[in-house]
Amino acid sequence: MPFVHTSAFEPQGELVLWRVDETAHWFIDQLSLASNLWREYHQIAVPAIRLQWLASRFALQQVAKSREMDVHKDIYGKPHLLNDSRFISISHCQGYAAAIAADVAVGVDVERVSSRVQRIKDRFLSPQEQALLGLEDADLMLAWSAKEAVYKMYGSKQLIFKEHIRIVERDHAAQLLRVLLASPEQELQLQLPYCFLDEVVLSWVQQPV
């Protein structure tokens, strides 16, 4: 399946979303990965998770544009390309994989819209955010996706979704969220583009230049 969504942005940023219709064998044939990544792959026991892992690395390979891709994780679990100064982020859900790379810190998240988010909405959204966004499954999943993307951009494990990442505005026409990141270390005003494609929501964020 070809890309279902691509986006280019400054500084030197690129985003891709891939719909996964292929088999694991197809992705294996397309991938050129360092040996440590193949070891990571073979440690995954569940076939469905293996397929998502392969698809997300394939998406990352499209934005990394490296002959043999090598990825290492820092102490917080944030992935980094070896011998490449760009920042990256990856995401996957059933049937889709996304990746982003840029010269500044970035985060991406793709989620399948589901009613399961109703059970946890009070854990990650304030009453004010719920009133702003609405309580439909798609609205709540957008909020979760956006906060996940910000969390990945930030790259540390100190953030509490409900406390430190606050959605303050939604522009339906521009498909844009405005978010306040009030972390223990800094405060940032962020803009998150988003889109709904079929049964999933995709959101991404970059650190302000």
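The values are calculated or read from the model by the stated rules, or taken from the named source; none is laboratory data. The shown structure was predicted, so the numbers you read here are calculated from the model rather than taken from an experiment. Positions of Cβ are generated from backbone atoms using ideal geometry, with glycine treated the same way; all protein chains shown enter the neighbour counts.
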Quickly run through the stretch 123-140 and pick out the residues that are in contact with a helix residue (DSSP H, G or I) (Cβ under 8 Å, 6 or more places away or on another chain) and in a helix (DSSP H, G or I). 123, 124, 129, 130, 133, 137, 139, 140
Could you please tell me which pairs satisfy a Cβ distance under 9 Å, a separation of 6+ or placement on different chains, a first residue in the stretch 119-146 that is over 27 Å from residue 90 (Cβ atoms) and in the same structural domain as residue 191 (by TED's automatic domain parsing), and a second residue that is among the small types (Gly, Ala, Ser) and at pLDDT 95 or above? 130/143
Expected output for the stretch 6-29 (first residue of a type in the set (D, E, K, R), partner in a strand (DSSP E or B), Cβ below 6 Å, 6+ apart or cross-chain) is 14/8; 14/101; 19/4; 19/96
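Please work out if residue 33 is closer than 19 Å to residue 94 by Cα, in contact with a helix residue (DSSP H, G or I) (Cβ under 8 Å, 6 or more places away or on another chain) and either in contact (Cβ under 8 Å) with a residue 40 or more places away in the chain or not small (Gly, Ala, Ser) (or both). Step through it out loud before you land on a result.
Numbers: closer than 19 Å to residue 94 by Cα: no; in contact with a helix residue (DSSP H, G or I) (Cβ under 8 Å, 6 or more places away or on another chain): yes; either in contact (Cβ under 8 Å) with a residue 40 or more places away in the chain or not small (Gly, Ala, Ser) (or both): yes.
Taking the combined requirement at face value, the residue does not satisfy it.
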Residue count for the stretch 70-86, restricted to those that are buried (at least 16 other Cβ atoms within 10 Å of the Cβ) and more than 16 Å from residue 152 (Cβ to Cβ): 1
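Of all residues in the stretch 111-128, count the ones that are out of contact with any Lys or Arg (no Cβ under 7 Å at 6 or more places or on another chain) and either under 19 Å from residue 196 (Cβ atoms) or of a type in the set (Val, Ile, Thr) (or both).
First, the residues of the stretch 111-128 that are out of contact with any Lys or Arg (no Cβ under 7 Å at 6 or more places or on another chain): 111-122, 127-128.
Okay, now just the ones that are also either under 19 Å from residue 196 (Cβ atoms) or of a type in the set (Val, Ile, Thr) (or both), so 111-118, 120-121.
Going through the stretch 111-128 one residue at a time, the tally reaches 10.
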